[in-house]
Amino acid sequence: MKSLRELYRVGVGPSSSHTMAPYSACLEIKGKYGENAKYTVTLYGSLCDTGKGHGTDLVIKRALGEDCAVIFDAQKGNLPHPNTMKVEVKVGNESFSHEVISLGGGAYSLDGNAPIGKECYTQKDFTEIKEYCVKQGIRLYEYAYQNEPDIKEYLFSVWEQMKKSVKEGLDAEGILPGGLNIERKAKQLHSHLSVFEDAATTENMIVCAYAFAVAEQNASGGVIVTAPTCGASGVLPACLLYVQNKHGFSDEKMVNALATGGIVGNVIKHNASISGAECGCQAEIGSACSMASAALAELFNMDIEQIEYAAEVAMEHYLGLTCDPINGLVQIPCIERNAVAAMRAINALSLAKFLTYSRKISFDTIVHTMYETGKDMHHSYRETSKGGLAKAYNPKK
């Protein structure tokens, strides 16, 4: 498995797979051929279907120049991955062609080569990681630090950005870009906390406000942290910031929790997928919920069995969740899903306190099941905006 730096990426929304990765890939290609080359980019699969809504063509032109031709090809089949694009380059009389596959979470492969980033972890799944940690007598975050001695400092910067994204989202007002005329709701949710008399409802509204804040920042092209993707970036910071404010945990403990959640996210990314175009929203929101549940369990000093159960039960109840963004925008149902998943992560933590030692399903089993479910899912429900809510939506009703 690769570094947690590859999982937690600080960048601009709205989509790690549809904007961050294509932009980075195009910059890499441009670095090889220079400013004077002529570029043509063809988008296939999900990059074609929802590229307009995500602004894929805009970031490609930002990387390669406004004279770059961007073609949306909805006809080509037999793709190596749902997020495939071709970059054709002309330099004088010579022509070159490169295949880019956006793998989710901002990662990409170029011409079939493995994504950039060194392998940091030799254990391949949660079972092996757990066996190692138990044998060594260490916690999951210590396992991360052992394999990546310099990652803790990076995670401090990640946590600072997560808190900043929440704050900026809570302060912002107005309409989100894209044409759906969606009004930002985070500030409104946060300002109405005083009307709730019971603690449970107040907790839910605080967590929802935080999740809305980050998801709305993402939808508006603001700076967020992939956790594990842009579209699911609100879940982890919402849960962790709420718990920090309530219980007074230090930033160091929050960083340890991020490391634990990151190991869970890495297991999913390595053995399944975090791409909505490949496995539906279960791979994005479901993964984020698992990461948040594991991180929360670490904060409350639960043992590794309880951490595993929290992550497993969080994912289990997102199996089959479709990715059907209306108009290809990361807004409906994406923003609300961040809020619901954050609340569900807290619920999974509560269950882990009492039910861990009666469980029958391992985390690795649920990861495998999620991947198989995603592969079996009809393509129209995998970030194409051709099924589900995207198909049913009628602005006149």
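All of the numbers you see were taken from the coordinates with simple rules; none came from a lab. The shown structure was predicted, so the numbers you read here are calculated from the model rather than taken from an experiment. Reconstructed Cβ throughout: ideal geometry from the backbone, glycine too, with neighbour counts over all protein chains shown.
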If amide H atoms are built 1.01 Å from N in the plane of the peptide, which residues on other chains or at least 5 residues away come under 5 Å of the amide H of Tyr108?
-> Leu103, Ile116
Please say if region 270-397 is rounded, prolate or oblate, where rounded means a/c under 1.5 for a ≥ b ≥ c the square roots of the C-alpha gyration tensor eigenvalues, and otherwise the choice is prolate for a/b larger than b/c and oblate otherwise?
-> prolate
In whole angstrom, the spacing between the Cα centers of region 185-201 and region 300-329 equals 25
Amide N proximity, region 249-268 versus Glu160 label position 7 Å along Cα-to-Cβ, cut-off under 15 Å = 251-252, 255
In this structure, among Lys52/Lys396; Lys269/Lys386; Lys118/Lys152; Lys118/Lys164, pairs with alpha-carbon gaps over 20 Å are Lys52/Lys396; Lys269/Lys386; Lys118/Lys164
Free-by-geometry Cys in the chain, Cβ-Cβ under 4.7 Å as pairing rule, reported as Cys26, Cys48, Cys68, Cys120, Cys133, Cys208, Cys230, Cys239, Cys279, Cys289, Cys334
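Please compute the length gained on full extension between Ala199 and Glu372, using 0.36 nm multiplied by the number of residues separating them and subtracting their Cα-Cα distance. Before the final figure, lay out each step's value.
Values: separation 173, 0.36 × 173 = 62.28 nm, distance 3.93 nm.
Result for the pair: 58.3 nm of gain on full extension.
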Would you tally the net charge around Glu308, using a Cβ to Cβ cut-off of less than 15 Å, leaving Glu308 out, and scoring K and R as +1, D and E as -1?
-> -4
Under 14 Å, Cβ to Cβ, from Val134 - net charge with Lys/Arg +1 and Asp/Glu -1 = -3
Using the reciprocal of the averaged 1/r over all distinct C-alpha pairs, how large is the Kirkwood radius of the chain in Å?
-> 21.1
Treating only the Cβ atoms of Lys and Arg (+1) and Asp and Glu (-1) as charged, compute the dipole magnitude of the chain about its Cα centre; round to the nearest 20 debye.
-> 560
Divide by every residue of the chain the summed helix terms, -39500 (n - 2.57) for each DSSP H run of at least 4, and state the resulting mean residue ellipticity at 222 nm, rounded to the nearest 500 deg cm²/dmol.
-> -16000 deg cm²/dmol
Among rounded, prolate and oblate, which fits region 322-397 when a ≥ b ≥ c are the square roots of the eigenvalues of its C-alpha gyration tensor, a/c under 1.5 means rounded, and a/b larger than b/c means prolate?
-> oblate
Just tell me which aspartates and glutamates come within less than 12 Å, Cα to Cα, of Lys375; anything on the same chain fewer than 8 places away is out.
-> Glu278
Measure nothing but the geometry: give the 0 to 90° angle between the long axis through the Cα atoms of 151-171 and the longest principal axis through the Cα atoms of the chain, rounded to 10°.
-> 80
For Asp111 and Ser358 in the same chain, what is the full-extension length gain: residue separation times 0.36 nm, less their Cα-Cα distance, in nm?
-> 84.3 nm
Using alpha-carbon positions, what is the distance between the centroids of region 15-53 and region 268-284, in Å?
-> 21
Sorted peptide list for 12-21, 172-181, 340-349, criterion being average Cβ within 10 angstrom, highest first = 12-21, 340-349, 172-181
Among Asp150, Asp125, Asp198, whose mean-square fluctuation peaks in a Gaussian network model of the chain (Cα, cutoff 10 Å)?
-> Asp198
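Would you mind estimating how fast region 54-128 diffuses translationally, via Stokes-Einstein at 25 °C and 0.890 mPa s with the Kirkwood radius over Cα pairs, in µm²/s?
My calculation gives 163 µm²/s for D.
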Which whole-Hz couplings ³J(HN,Hα) result when phi for each residue of region 259-267 is put into the Karplus expression 6.51 cos²θ - 1.76 cosθ + 1.60, θ = phi - 60°, listed in order with x for Gly and Pro?
-> 5, 5, x, x, 4, 4, x, 5, 4
Calculated from backbone phi, Karplus (6.51, -1.76, 1.60) coupling profile of region 326-334 in Hz, x at Gly/Pro | 5, 6, x, 8, 8, 9, 10, x, 4
Calculated FRET efficiency, Lys246 and Glu183, Cβ-Cβ r, R0 30 Å, to nearest 0.05?
-> 0.60
The chain: relative contact order from alpha carbon pairs under 8 Å, six or more residues apart, as a whole percent, is 19
Specify the angular offset, from 0 to 90 degrees and rounded to the nearest 10, of the alpha carbon long axis of helix 199-219 from the longest principal axis of the alpha carbons in the chain.
-> 20
Note the angle between two axes, namely the Cα long axis of helix 285-299 and the longest principal axis of the Cα atoms of the chain, as a number of degrees from 0 to 90, rounded to the nearest 10.
-> 40
Work out how much length Lys118 to Leu351 would gain on full extension: take 0.36 nm times their residue separation and subtract the Cα-Cα distance, in nm to one decimal.
-> 80.3 nm
Pop the C-beta distance of Glu28 and Ser380 into the FRET formula with R0 = 41 Å and round what comes out to the nearest 0.05.
-> 0.85
Considering the options Leu170, Phe354, Leu389, tell which one lies farthest towards the positive end of the dipole of the chain, charges being +1 on Lys and Arg and -1 on Asp and Glu at the Cβ, about the Cα centre.
-> Leu389
